[in-house]
Amino acid sequence: MNPRLISIAATFALLLSSQLAVAQLQSPEQFLGYELGDRYTPHHQVVAYVRHVAEESDRVDFKPYGETYEHRQLVYLTVTTPANHERLEEIRTNNLKLIGLTEGEPTEFRKAIIWLSYNIHGNETSSSEAAMKTLHQLADPGNLEAESWLSESVVIIDPMVNPDGRDRYVNWFRGMAGADYNPDAETREHNEPWPGGRSNHYYFDLNRDWAWQVQQESQQRAEIYQQWMPHVHVDFHEQGINSPYYFAPAAKPFHEAITDWQREFQTTIGKNNMQYFDEENWIYFTREVFDLFYPSYGDTWPTFNGAIGMTYEQAGGSRAGAAVHKQEGDTLTLNDRLTHHHVTGISTVEITAQNADRVISEFETYFNTAAEAPGGRYKTFVVKADNHPDKIYNLLCYLDSQQIRYGRAGSSQSVDGFNYQTAEDERITVSGDDIIISAYQPKSTLARVLFEPDPALSDSLTYDITAWEAHYRFGLSGYALESSIEPQEDLRADQFLQPQVTGAEKPYAYLAGWHTMHDARFLADITQKGIKSRFSTVPFTIDGREFDRGTLVITRGNNRALGDAFDRVVREAADTHHRPLHGTSTGFVESGSDFGSSNVQFIDPPAIAVFMGEGTSSLASGEVWHFFDQQLQYPASLFHTHDFGRADLSDFDTIVLPSGSYSDMLTESAKQKLTAWIAGGGTLIAMDRTVGTLSSIDAFSVRRKTAEAEEDSDTETRLRTYGDRARERTSGTTPGSIFKTTLDTTHPLAFGYPSEYYSLKVDAGPFAYLAGGWNVGTAGENAHISGFAGHQARKNLENSLTFGVQSHGAGQIVYMVDNPLFRGFWENGKLFFANALFFVGQ
């Protein structure tokens, strides 16, 4: 055939194929039956649309990666050219090989990887609408410009990170709005009720959980993220209705681990965004408010994993509804919001694709430098082998989830190092069994951020907590070394959980230690299965073995009704929870108190009520809810605060009040009802801001500590600089720092702990020692260890209460000034809460 005719036929076939693809691929408007921005699109319709695009476009693959607690599907899309799709696995594995996370030599077929995350805050709803528009533009076969970008890149789109929270908001809004949206911000459709749609099912802020991965959604997303390790990551958000759009470059403080390249290219991306916004005369700002310090955001965790991590913030949120009047007098619409997010998403893809070769090269350099010449003062982090094995296990499991490598030292040596327990530089000895986390590895930067004792903060005006070090978080002793030690022996986390049953086969009593949440889960499990337990309030020795306070004593005599099932239930639970047990054939101890003593107290299974709702922090309430449901796995009845007055408290012996003011709940009659219930034998657990709420009620002995005034001269006070007013206020605050707490380990609230505990303090409001109670945990002089705390805050917090217990009639009040369940990640604090439930008040 004539070559010219062949060429014409091929061109015609290509055009026909393109036209057919366009005809089959529907826009969001065609598929949904309404214009984007006219209404909110619920999760199932968003998933249906992106699935349609994947089915009709050869540029898009649809990939489920998990589900939420409410069983909504989590998905992501990979968007690139058909030619790249044919080699997609090669692109993915090449990237991991290039940075040393997978063995093997990469080929030369490399593409920039861009990850766009939408709607992590459920009531910041415009971004999932924008995701559909962005996906369609990239998938449109007639969009040759997009094709050119995709030839150099793979775009990963997660269209809805938090479906549970978003559907909570969308369903509420649909019920509030009329036929026409009301733009008056004071009307009901702009005032979302408690708990709001920002958080996930358990009221956790998923944008504070990127690094800690406490929540199911975060765990599933992080696993997929690390299978790709994108070069650029954008987290789409919304802010106040009157705020201009925000995009990178970010505000200070920058963590010192952030490289010059990361700073440079986020600015490059920002300038590309600026061009589009300037053309449309859209207002925006950069370099303010949103910093890059706290490691568990959607910009910082990717940044510490080598990416250009950025937050984009559009005016909106639940206050915006679908249309709202702004202070300038114009109306902000849902269409405005999604359009702005769409433009920055496309702009980011464009500029990254245009710089793909350098983006890939710099990403490789980032990890090569990390492995060969890591930054930071410390080159080795040591975890002592004599730490409790449960705590080592918890840390190593976390490091595995972050792909941070570790091993045993293999030999002993003396070196200079920083001791986390004393917070001092000193001469220390590393034993051969100690665990080594070397900075010389691909994930060096992330390891540095998680382990450095006191990260440098260039500006006190930061957005979140400023301390999170892993030794303190997991309750471990160890060191940070400026010298390099490489691990010599491989190690696995599961080596530290090896349950063993010793002693008698059919014992008089089983003995189980009390040191970590693993022990608390074991107790919760057997209690729900009908096992009756005791705990020792004194140390004792039996069968030549020493046991600490808090040891569980599970006697056969207390469980006669179970017959032969007694041994099976206890042993099976011990195996499930990897608990060592010792069976003793007698209740007569060699030292301490015999098992029939009043010092070995019976554990009456707690019946627990939690009051949450208006007047409480939804996040703090969620922390308590998640603790019972997913961590302790023990039942608790949840009540709305407005139902307190009619609730029958006689069914419960423990009440938990998460952080809050309880302004509506605690009427005069409610205060009388609560105090009478406590006096009748109930245990009240008051957390965080609730302690301050109770401090104004006569029956509660806790009182705020009078702050010591600064000794400024009158002239200095009057000649303050207006521009420094925000920074001056920080002198009396701490956004989140670590303080050493001295414990009374003879009190049941502190069982399982050594004499010192490192507490994460997120409030600088000090409380005085209890005058008529037990000051179980206290911050003494020079208690500050790590993170930012203003000089006045440090002074005020000296000699203040951290944890206390007050008797009231036959009942107990537990004061938790510091919240040990904060964000669910401070692992070493959780046993305090379990102690308050199972031990205090028995």
Within the stretch 617-663, restricting to residues that are in a helix (DSSP H, G or I) and among the hydroxyl-bearing types (Ser, Thr, Tyr), the one that is farthest from residue 193 (Cα to Cα) is 650
Residue 160 meets each of (1) over 17 Å from residue 237 (Cα atoms); (2) part of a loop (DSSP other than H, G, I, E, B) with one exception, condition (1)
When only residues in the stretch 449-481 that are out of contact with any Ser or Thr (no Cβ under 8 Å at 6 or more places or on another chain) and open to solvent by 50 Å² or more (accessible area, probe 1.4 Å) count, which is farthest from residue 390 (Cα to Cα)?
458
With the requirement that a residue be of a type in the set (A, V, I, L, M, F, W, C) and in a loop (DSSP other than H, G, I, E, B), what does the stretch 461-508 give you?
461, 465, 467, 468, 476, 485, 491, 497, 504
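Pick from the stretch 528-559 the residues that are polar (S, T, N, Q) and in contact with a helix residue (DSSP H, G or I) (Cβ under 8 Å, 6 or more places away or on another chain): which of them is surrounded by the most Cβ atoms within 10 Å (Cβ to Cβ)?
It comes out as 533.
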Every residue from the stretch 403-433 that is without any contact (Cβ under 8 Å) to a residue 12 or more places away in the chain and assigned to a strand (DSSP E or B):
424, 425, 426
Hey, residue 720 hits all of (1) outside any helix (DSSP H, G or I); (2) modelled with pLDDT of 95 or more but one; which does it fall short on?
(2)
Among the residues of the stretch 137-156, is there at least one that is among the acidic types (Asp, Glu), out of contact with any strand residue (DSSP E or B) (no Cβ under 7 Å at 6 or more places or on another chain), over 28 Å from residue 622 (Cα atoms) and surrounded by 17 or more Cβ atoms within 10 Å (Cβ to Cβ)?
yes
Selected residue (only one of 773, 777 is open to solvent by 20 Å² or more (accessible area, probe 1.4 Å) and touching a Gly at 6+ places or on another chain (Cβ under 8 Å))
773
Cβ contacts < 7 Å: first residue modelled with pLDDT under 95, restricted to the stretch 141-154; second residue open to solvent by 50 Å² or more (accessible area, probe 1.4 Å) and in a loop (DSSP other than H, G, I, E, B), any location; separation 6+ or different chain. Result?
none
Given (1) in a loop (DSSP other than H, G, I, E, B); (2) closer than 22 Å to residue 482 by Cβ, residue 386 misses just (2)
For residue 370, the lone unmet condition from (1) more than 30 Å from residue 483 (Cβ to Cβ); (2) of a type in the set (A, V, I, L, M); (3) touching a Pro at 6+ places or on another chain (Cβ under 7 Å); (4) open to solvent by less than 10 Å² (accessible area, probe 1.4 Å) is (1)
Being assigned to a loop (DSSP other than H, G, I, E, B) and over 19 Å from residue 292 (Cβ atoms) is the filter here, so list the residues in the stretch 208-242 that pass it.
213, 214, 215, 240, 241, 242
Name every residue in the stretch 740-765 that is modelled with pLDDT under 95 and open to solvent by less than 50 Å² (accessible area, probe 1.4 Å), in order of residue number.
762, 764, 765
Among (1) part of a loop (DSSP other than H, G, I, E, B); (2) open to solvent by 30 Å² or more (accessible area, probe 1.4 Å), the one test that residue 393 misses
(1)
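Let's see how each residue does on (1) at positive phi; (2) open to solvent by less than 10 Å² (accessible area, probe 1.4 Å); (3) touching a Gly at 6+ places or on another chain (Cβ under 9 Å); (4) not in a loop (DSSP other than H, G, I, E, B):
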residue	(1), (2), (3), (4)
566	no, yes, no, yes
569	no, no, yes, yes
588	no, no, no, no
598	no, no, no, no
609	no, yes, no, yes
Check on residue 131, in contact with a Phe, Trp or Tyr (Cβ under 6 Å, 6 or more places away or on another chain), under 26 Å from residue 77 (Cβ atoms), of a type in the set (A, V, I, L, M, F, W, C) and buried (at least 22 other Cβ atoms within 10 Å of the Cβ)
yes
Near pairs, Cβ below 6 angstrom, 6+ apart or cross-chain, from the stretch 375-395 (without any contact (Cβ under 8 Å) to a residue 60 or more places away in the chain) to any residue that is crowded, with 19+ Cβ neighbours inside 10 Å
385/434
Condition check: modelled with pLDDT of 95 or more, of a type in the set (Val, Ile, Thr), assigned to a strand (DSSP E or B) and open to solvent by less than 30 Å² (accessible area, probe 1.4 Å). Does residue 436 satisfy that?
yes
Which members of the stretch 509-527 meet the condition of being under 14 Å from residue 571 (Cα atoms), aromatic (Phe, Trp, Tyr) and outside any helix (DSSP H, G or I)?
510
Residue selected from the stretch 268-297 under the condition free of Cβ contacts under 8 Å to residues at least 40 places away in the same chain and of a type in the set (A, V, I, L, M), by the criterion most open to solvent (accessible area, probe 1.4 Å)
283
So the check is Cβ under 6 Å with 6+ separation or different chains; which pairs have a first residue in the stretch 336-360 that's closer than 25 Å to residue 321 by Cα and a second one that's acidic (Asp, Glu)?
338/129
Does residue 360 fit the bill of being surrounded by fewer than 21 Cβ atoms within 10 Å (Cβ to Cβ), in contact with a Leu (Cβ under 8 Å, 6 or more places away or on another chain) and β-branched (Val, Ile, Thr)?
yes
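When only residues in the stretch 784-831 that are on the phi < 0 side of the Ramachandran plot and of a type in the set (Lys, Arg) count, which is most open to solvent (accessible area, probe 1.4 Å)? Quick ask: steps written out before the conclusion?
Residues of the stretch 784-831 on the phi < 0 side of the Ramachandran plot: 784-786, 788-798, 800-808, 810-822, 825-831.
Keeping just the survivors that are of a type in the set (Lys, Arg) gives 794-795, 830.
Details: 794: 102, 795: 79, 830: 9 Å².
Applying the filter and picking the extreme gives 794.
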Out of 663, 618, report the one residue that is more than 18 Å from residue 826 (Cα to Cα) and modelled with pLDDT under 95.
663
Within the stretch 186-201, identify whether any single residue is touching a strand residue (DSSP E or B) at 6+ places or on another chain (Cβ under 7 Å), closer than 23 Å to residue 327 by Cβ and not β-branched (Val, Ile, Thr), and answer yes or no.
yes
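The values are calculated or read from the model by the stated rules, or taken from the named source; none is laboratory data. Everything numeric in this text was worked out from a predicted model, so none of it was measured. Counting neighbours? That spans all protein chains shown, and the Cβs are built from the backbone with ideal geometry, glycine included. Note: accessible area is taken over every heavy atom of the protein model, side chains too, but ligands, DNA and RNA are not part of it. Shrake-Rupley method; radii C 1.70, N 1.55, O 1.52, S 1.80 Å.
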